[in-house]
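The values are calculated or read from the model by the stated rules, or taken from the named source; none is laboratory data. All of these numbers come straight from a predicted model, not from anything done at the bench. Here the Cβ positions follow ideal geometry from the backbone for every residue, glycine too, while neighbour counts run over all protein chains shown.
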Amino acid sequence: MYDIIIIGGGVSGCAAARELSRYQADILVVDKEEDVCCGTTKANSAIVHAGYDAAHGSLMARLNVEGSKMMPALAKELDFAYDQCGSLVICINEEDRPALQKLYENGVANGVEGLRIIERDELVAMEPHIADEAVAALWAPTGGIVCPFGLTYALAENAAKNGVKFQFDTTVTGLTRLDDGWRVETDRGPLEARCVVNAAGVYADKLHNMVQPDDPMTIVPRRGDYFLLDHTAGDHVSHTIFQLPGKYGKGVLVTPTVHGNLLIGPTAIDIEDKEGTATTAAGLDEVRAKAGLAVKDIPLRQTITSFAGLRAHELRHDFFIGEIAPGFVDCAGIESPGLSGSPAIGVMVADIVSQSLGLEKDPAFDPTRKGILDPKTLPMEERNELIRHNPAYGQIICRCESITEGEIIDAIHRVPGARSLDGVKRRTRAGMGRCQAGFCSPRVMEILARELGVEQSAVTKSGGGSRIIVGTNKDVY
Ligand SMILES: Cc1cc2nc3c(=O)[nH]c(=O)nc-3n(C[C@H](O)[C@H](O)[C@H](O)COP(=O)(O)OP(=O)(O)OC[C@H]3O[C@@H](n4cnc5c(N)ncnc54)[C@H](O)[C@@H]3O)c2cc1C
């Protein structure tokens, strides 16, 4: 029997796992997908919100502000990409000024530091491509951007380093109360734990309702569509540009990413299908039309891909974190700003679980982790030395993003490591660039097959049945 089973390897589950690995406990993270970071955590705006938006007094507001304050130190400790570039909320109508002032006051009440309303002149000096209609903006210097994959893999790897186990391709199908814990039914047989954490994203309501049918929860997947533009467009803006929030959230934003791309989106469309991450023409048209309201001359012809993610929108519109039955802890309704709040979400879940189980701190806990070495960041002499020592760092596999074989091999042999093309892509960016994996896919497949000791025909795009080839050309002769 495990001490703790965490259902869901998104940023919430991995943050909880990392914080719980500070304690002496046997911990297992279970996910239905083939890797961590396959749910909402892989498709979002990647903004570390300063925290002025969430309603004052809500759990969402508290954890957003706490999480965003923790992020800079966490990024150093766990070595993931994060940039405190600051954010601007643009007011394009004089009559909307009261709403801007209200947002400012909400932020001050939430404890966001450095907020200021700035006028058009200062705004244009900061962002030359701002729309001609913009009259003022709310400036939040503590806003930032992060790599959501990098953050989540860092949390997962540090948890694994401190003893947490991961089990993938395992769907939780039922939950039964035992005298001393819970039986977790899965499609790969039962598991048992003294305590269960429900961090199942858009499916957290299903698990909650198995345990507490008298007080059910409803999570509506709220889809957000995006355009991702190439590096050539990455400096079109240098801060995250929001429009004043409306009824359906934060509106369409325009932001640089930590990897030098430009991201535009999202929409906010309520749907029924919890797996419905396909974009629609109507959704993308909406993004296109709204983005131009705050930022002009966006070079949309530099679009390299479009994608969509699903917010886990709970009807009460707040995070729901608490022990709803002895030894059963919900971490549900984690819609935006869940990424920003994740460091604080992890701490809150760990506090609840450790108190419930009476856990002792582990003196051997190691809070550090080193990310995948990117040779591009080294001075030329050190880079040459690295290649002399390990020629795999001299083999460019992904031309668009200049990713080497050495980085891909490293990604595969980490714990938890990459087992698919998408796993390699999220960890190293091989396949993330302009050609969208057109060139490097066959080469990454070869490396995966070789390093994992499987046939190339067993390599998948994203686990399950997503095999890419059925055999090699000359197999039949
Ligand atoms: C369009 C959009 C924009 C966003 N922008 C931002 C932003 O800019 N900043 C920000 O802070 N936040 C943002 N968010 C929110 C943020 O992405 C989420 O809050 C966060 O990723 C939620 O993480 P999670 O771990 O709770 O859920 P998920 O990442 O969805 O993880 C849940 C995991 O549970 C697994 N699972 C589900 N059911 C089962 C089961 N039965 N058995 C086993 N495993 C199961 C899934 O496979 C999944 O891996 C945005 C979200 C969206 C959709």
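The residues listed here are ILE321, ILE408, ILE403; of these, the one that is under 28 Å from MET71 (Cβ atoms), within 14 Å of the ligand (Cβ to nearest atom) and crowded, with 19+ Cβ neighbours inside 10 Å is ILE321. Only one entry of LEU284, LEU262, LEU339, LEU310 meets the criterion of being away from the ligand (no atom under 13 Å from the Cβ) and touching a helix residue (DSSP H, G or I) at 6+ places or on another chain (Cβ under 9 Å), and that entry is LEU262. Out of LYS370, LYS296, LYS361, one residue alone is closer than 30 Å to GLU127 by Cα and among the charged types (D, E, K, R). It is LYS296. Considering each of ALA199, ALA140 in turn, give the residue that is within 30 Å of THR218 (Cα to Cα) and surrounded by 21 or more Cβ atoms within 10 Å (Cβ to Cβ). Just a single option satisfies the conditions, and that option is ALA199. Report yes if some residue within segment 49-58 is at positive phi, more than 19 Å from the chain's Cα centre (by Cα) and surrounded by fewer than 19 Cβ atoms within 10 Å (Cβ to Cβ); otherwise report no. Yes - at least one qualifying residue is present in segment 49-58. For segment 25-37, the set of residues classified as near the ligand (Cβ under 6 Å from one of its atoms) and touching a helix residue (DSSP H, G or I) at 6+ places or on another chain (Cβ under 8 Å) consists of ASP31 only.
Among residues of segment 327-347 that are without any contact (Cβ under 8 Å) to a residue 24 or more places away in the chain, none has a Cβ under 8 angstrom from a residue that is near the ligand (Cβ under 9 Å from one of its atoms) and part of a helix (DSSP H, G or I) at a sequence gap of 6+ or on a separate chain.
With respect to LYS376, is the statement that it is modelled with pLDDT of 95 or more and under 29 Å from GLU19 (Cβ atoms) true? Criteria not met by LYS376. Scan segment 19-38 and give yes if some residue there is in a helix (DSSP H, G or I) and within 21 Å of LYS361 (Cα to Cα), otherwise no. Yes, segment 19-38 contains at least one residue that is in a helix (DSSP H, G or I) and within 21 Å of LYS361 (Cα to Cα).
Yes/no matrix, rows are residues, columns are (1) without any contact (Cβ under 8 Å) to a residue 24 or more places away in the chain; (2) polar (S, T, N, Q); (3) crowded, with 23+ Cβ neighbours inside 10 Å; (4) near the ligand (Cβ under 8 Å from one of its atoms):
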{"residue": "ILE47", "(1), (2), (3), (4)": "no, no, yes, yes"}
{"residue": "MET60", "(1), (2), (3), (4)": "no, no, yes, no"}
{"residue": "ASN64", "(1), (2), (3), (4)": "no, yes, yes, yes"}
{"residue": "SER87", "(1), (2), (3), (4)": "no, yes, yes, no"}
{"residue": "ILE90", "(1), (2), (3), (4)": "no, no, yes, no"}
{"residue": "GLU94", "(1), (2), (3), (4)": "no, no, no, no"}
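Among the residues making up segment 203-222, those that are within 8 Å of the ligand (Cβ to nearest atom) and crowded, with 23+ Cβ neighbours inside 10 Å are ALA204, LEU207.
Here ALA437 clears all of (1) in a helix (DSSP H, G or I); (2) at positive phi except the condition numbered (1).
Among the residues of segment 120-137, none qualifies, meaning not one is modelled with pLDDT of 95 or more, more than 30 Å from THR305 (Cβ to Cβ) and under 22 Å from the mean Cα position of the chain (by Cα). When LEU88 is tested against (1) in contact with a helix residue (DSSP H, G or I) (Cβ under 6 Å, 6 or more places away or on another chain); (2) assigned by TED's automatic domain parsing to the domain that holds HIS129, exactly one condition is not met: (1). Consider LEU74 carefully, then state whether it is over 27 Å from HIS236 (Cα atoms), touching a Pro at 6+ places or on another chain (Cβ under 7 Å) and in contact (Cβ under 8 Å) with a residue 12 or more places away in the chain. Taking the combined requirement at face value, the residue satisfies it. Inspect segment 233-244 for any residue being surrounded by 23 or more Cβ atoms within 10 Å (Cβ to Cβ), more than 21 Å from the chain's Cα centre (by Cα) and not assigned by TED's automatic domain parsing to the domain that holds LYS102 and give the result as yes or no. No, segment 233-244 contains no residue that is surrounded by 23 or more Cβ atoms within 10 Å (Cβ to Cβ), more than 21 Å from the chain's Cα centre (by Cα) and not assigned by TED's automatic domain parsing to the domain that holds LYS102.
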